Amino acid sequence: MVFSSPGRLAYALLVAVASLALAAASGCGPSNASVSGTVTFNNQPLPSGTITFSSDVGSKPVKAAPIVDGKYTITDFPTGLAKVSVVTTPPPSGGGAPPPGVNAIPVPSAAAPGKYVPIPQRYSTPDKSGLTYEVKGGEQTKDFPLTP
């Protein structure tokens with residue numbers, strides 16, 4: 001590239017340096033994260049359930065993970081603000097064998113039998129739960145203490 005004056009060369013160098021600085025500032029660090037922690041209700045680990053992170057970034061991805069003995073891990077989640085919801089599901093009632101001639105299709109349940117703890121309905125909706133978390137790059141820990 002040929003520049004007809006030293007001023008144009010300086011301008012081109014300034015633009016190049018500014019572009020690199022902008023790219024470095026916006027592109028440093030991982031863009032996805034892993035969040036793990038404990039969900040408690042009344043200061044006790046929630047035996048079972050599902051936690052869901054709903055992103056407000058980009059295509060607004062949603063990721064859910066099981067809660068087992070209070071512990072959860074959400075992986076490969078984008079950085080930025082996430083709304084969080086938690087649900088617990090009672091074990092299926094009735095049980096027993098299907099009627100004769102009917103093939104049963106097993107339906108997975110997030111709740112382990114005998115380990116259902118009901119929590120307030122507000123926690124099941126990201127917009128009403130009051131739970132949010134600012135996800136940063138890399139691995140991190142976030143606990144969610146739920147109250148009645």
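See the values below:
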| read-out | value |
| --- | --- |
| Amide H partners (placed H, <5 Å) of residue 67, local residues excluded | 49, 50, 51 |
| Packing-based ranking, highest mean first, of 44-52, 118-126 given that Cβ atoms within 10 Å are counted | 44-52, 118-126 |
| Full-stretch length increase - residue 34, residue 63 - with 0.36 nm per residue and alpha-carbon distance subtracted | 9.3 nm |
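Values in this text are rule-based calculations from the coordinates and carry no lab data. Bear in mind the structure is a predicted one, so any value in this text is a computation, not a measurement. So basically every Cβ, Gly included, is an ideal-geometry build from the backbone, and we count neighbours across all protein chains shown.
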